[in-house]
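**Q** Please find one structure pasted underneath; my questions will follow.
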Amino acid sequence: MFRTLTLMAAATLAAPAFADGHATGDAAAGEKAFRQCISCHVVVNDEGETLAGKKAKTGPNLYGIVGGKFGMIDGFKYSDINQLAASMEDLVITEEVFVAYAQDPTGYLREVTGDKGRSKMTYKVRKEEDALNIYAYLATLSPLPES
């Protein structure tokens, strides 16, 4: 009984890190790796509370992107190719999509859209492990899915 309760508690505490059911990275390592993102990105929740980053405005707020869609932040001017990706109804930001995009934003968007445009994100996360960890970290900062 105690073992079952312990496992249930652990699963409950881990739930935000697995918001979409597929975050395999290390969220603590992702918090450190996210430092390379804060010059452009911030994570601010719906209440206006800054969860990560500074007051960067070059890139969109990354709150809620886990399980979300491309181009979902109101008021942010996305590139044409990113808007094209946003129009693809089945393109959800899963771990696989995030990692591919973070490692080569323009290349990923060109592949999924067939367009020759460019992403506004010019930075590339070099290590796949860092991208996986950043995704896991962002999952811990994401809103819980509605029941």
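The values are calculated or read from the model by the stated rules, or taken from the named source; none is laboratory data. Here the structure is a predicted model, which means the values were calculated and not measured. We place every Cβ from the backbone using ideal geometry, glycine too, and count neighbours over all the protein chains shown.
**Q** Among the residues of segment 100-113, is any assigned to a loop (DSSP other than H, G, I, E, B), buried (at least 19 other Cβ atoms within 10 Å of the Cβ) and either in contact with a Phe, Trp or Tyr (Cβ under 7 Å, 6 or more places away or on another chain) or modelled with pLDDT of 90 or more (or both)?
**A** no
**Q** Sticking with this structure for a sec: Exactly one of these conditions fails for M121: (1) without any contact (Cβ under 8 Å) to a residue 24 or more places away in the chain; (2) in contact with a Pro (Cβ under 8 Å, 6 or more places away or on another chain); (3) surrounded by 13 or more Cβ atoms within 10 Å (Cβ to Cβ); (4) closer than 17 Å to S39 by Cβ. Give me its number.
**A** (1)
**Q** Could you check segment 23-65 and list, in sequence order, the residues that are in contact with a Ser or Thr (Cβ under 6 Å, 6 or more places away or on another chain), more than 17 Å from K120 (Cβ to Cβ) and not small (G, A, S)?
**A** V44
**Q** Here's a follow-up. Would you check if there is a residue in segment 8-25 being surrounded by 10 or more Cβ atoms within 10 Å (Cβ to Cβ), in a loop (DSSP other than H, G, I, E, B) and modelled with pLDDT of 90 or more?
**A** Checked against the condition, which is being surrounded by 10 or more Cβ atoms within 10 Å (Cβ to Cβ), in a loop (DSSP other than H, G, I, E, B) and modelled with pLDDT of 90 or more, segment 8-25 yields at least one hit.
**Q** Which of the residues belonging to segment 124-133 are surrounded by 15 or more Cβ atoms within 10 Å (Cβ to Cβ) and either under 10 Å from Q103 (Cα atoms) or modelled with pLDDT under 90 (or both)?
**A** So in segment 124-133, the residues surrounded by 15 or more Cβ atoms within 10 Å (Cβ to Cβ) come out as 125, 129-133.
Scanning segment 124-133 gives V125, D130, A131.
**Q** Quick one: which residue in F34, F76 is modelled with pLDDT under 90 and either in contact with a strand residue (DSSP E or B) (Cβ under 6 Å, 6 or more places away or on another chain) or of a type in the set (F, W, Y) (or both)?
**A** Result of the check over F34, F76: F76.
**Q** Filter segment 87-99 down to the residues that are in a helix (DSSP H, G or I) and loosely packed, with under 15 Cβ neighbours inside 10 Å and list them by number.
**A** Within segment 87-99, the first condition is being in a helix (DSSP H, G or I), and the residues that meet it are 95-99.
Once the filter is applied, which keeps residues that are in a helix (DSSP H, G or I) and loosely packed, with under 15 Cβ neighbours inside 10 Å, segment 87-99 yields only E96.
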